[in-house]
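Peer 1: One structure, as structure tokens, below. Some questions next.
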Amino acid sequence: MNFQKVKISEIKPNPNNPRIIKDEKFKKLVKSIQDFPEMLELRPIVLNSENIVLGGNMRLKACQEAGLKEVPIIRAENLTPEQQQEFIIKDNVSFGEWDYDGLANQFDTSLLNDWGLDIAYTEMDEERRELDQQAKLEKKESILNEYFVVPPFSILDSRAGYWQDRKKRWLEIIGDMGESRTDTLISSLPMKYPRLYREYGRIRKEGKFANFAEYISSFPSEELEKECKAMSQGVSILDPVLCEVSLRWFCPKEGVCIDPFAGDSVFGCVAGSLGRRFRGVELREEQKNLNQMRADELKIDASYVCDDGQNIGKHIAENSADFIFSCPPYFDLEKYSDDPLDASNQSSYEDFLKILDNAFTASIKCLKENRFAVVVMSNVRGKNGAYHRISDDIKDIFEKNGMCFYNDLVLINQVGTAALRASPTMRTLKVGRTHQNVLVFYKGDTDNMLFDDFENSRENVNMHTDVMVFYKGNPKTVSDHFNINDIKNESKDV
């Protein structure tokens, strides 16, 4: 490498220079060269053997602007092409950071700015970048909300403000489904008073009360109102925004939607309100009548039949439906009736699963090719405290019937009563469940998916990781081997 002066006209700027400079910065660089041209001899422009600039493209341009005819250069003639590329990048990488306190103590700020260091702005660059990034994310999220209803990610956050606002608007349209049910419906009362329902379960065999409705009638109305308000966040009423998202993403416009477990009127009301046609099967006559009444009040195309969901094929023709949406009972978490055909009233998990298998297998036969199915489910614990694998078993049912598992979504719920249950359940290291699984399946060849049939993209961006916890031994003995106080004390130590 050797140092010399070369005419600017003989130098070739690097056409692939990865660096740029903004106008304001460039003006300061020009002024800096005009005020202190000797600096160029201390930091000469680096050229290769063909007079192409390897380092100093911005300085060369500024020298031209400053009126210079020749500039000091150093030739890097012995560098290989690979080394030249490496030099171009490393020469422009700034590994160090400014010591702003030191700068403030040694230099006048106006002088630093005059020399090209925007001290007032440089100190805020990182903060500004973070704010700009946050603003961009919020803007993108807003755009995603406008286009997709909610961001099309694998996490569906029902706690978010935009979700709650939309839910409120839906409830204004279709009414509060939880409050619309009469107190004679056993499906309503356990959801309003889950704590009392659990207490009733413990004393049911004593025979003091004919049913749960009679049991809660023994409480003062003020206490019931307080109980209902305290527990309202944990009510398992189907979320209308989840219904809307599922319909807009996975059901064609004016499509026919079916559900073999149509015990909740929310989906039918949302589907009909969005121009879809809904056909549901509900086992309980009183619930079917209530659901139909709600649909008729809204003047939408939604109809319900009273029958066992396993018989849905008797009411829906094969290959005629455009979408399956279902939120079946979560095994015995809530018992809806004493009917022996009720999935929530089965004595064993195997019998419960058999009903789901038959109902979904029949529903899939009714579904057209190139169509989706959405099942909302939450794994529940068995009597020994370990989880049943309901979600996995549902995946098996759909896959054995030729449908592929296409999207794995998680619906995050309000904490609600989980906060009240957290401390007691953690005594046996059971983590409070505040989410539901939303399983999306596709019938047909995914390579030939007919996207024009749907409003938006069908594939969701994955934003969650499953963390699975297993226990070797009898789950009932967890508290014998692990002490919740040890966890609390260790957390305090940290």
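Peer 1: Being closer than 20 Å to G272 by Cβ and in contact (Cβ under 8 Å) with a residue 40 or more places away in the chain is true for just one of D339, D301, D322, D357. Which residue is that? Outline the logic, then answer.
Peer 2: Values: D339 fails: closer than 20 Å to G272 by Cβ; D301 fails: in contact (Cβ under 8 Å) with a residue 40 or more places away in the chain; D357 fails: closer than 20 Å to G272 by Cβ.
The conditions single out D322.
Peer 1: Further question on the same structure: Restricting the search to segment 244-254, which residues are touching a residue at least 40 places away in the same chain (Cβ under 8 Å) and touching a Gly at 6+ places or on another chain (Cβ under 9 Å)?
Peer 2: Filtering segment 244-254 for residues touching a residue at least 40 places away in the same chain (Cβ under 8 Å) gives 244-253.
Once the filter is applied, which keeps residues that are touching a residue at least 40 places away in the same chain (Cβ under 8 Å) and touching a Gly at 6+ places or on another chain (Cβ under 9 Å), segment 244-254 yields L247, K253.
Peer 1: Residues in segment 20-42: is at least one part of a loop (DSSP other than H, G, I, E, B), in contact (Cβ under 8 Å) with a residue 40 or more places away in the chain and surrounded by fewer than 11 Cβ atoms within 10 Å (Cβ to Cβ)?
Peer 2: no
Peer 1: Turning to a different aspect of this structure: I'd like to verify a number: residues in segment 67-95 that are at pLDDT 90 or above and part of a helix (DSSP H, G or I), how many?
Peer 2: 0
Peer 1: Quick one: in segment 247-258, of everything that is touching a Phe, Trp or Tyr at 6+ places or on another chain (Cβ under 6 Å) and outside any loop (DSSP other than H, G, I, E, B), which residue is farthest from S337 (Cα to Cα)?
Peer 2: F250
Peer 1: List the pairs whose first member sits in segment 2-19 and is closer than 15 Å to L54 by Cα, whose second member is surrounded by 10 or more Cβ atoms within 10 Å (Cβ to Cβ) and modelled with pLDDT under 85, and whose Cβ atoms are under 6 Å apart, counting only residues at least 6 apart or on separate chains?
Peer 2: Taking only residues 6 or more apart or on different chains, the pairs are R19/N92.
The values are calculated or read from the model by the stated rules, or taken from the named source; none is laboratory data. Please read these numbers as outputs of a predicted model, since none were measured by experiment. Using ideal geometry, Cβ is built from the backbone for each residue, glycine included, and neighbour counts are taken over all protein chains shown.
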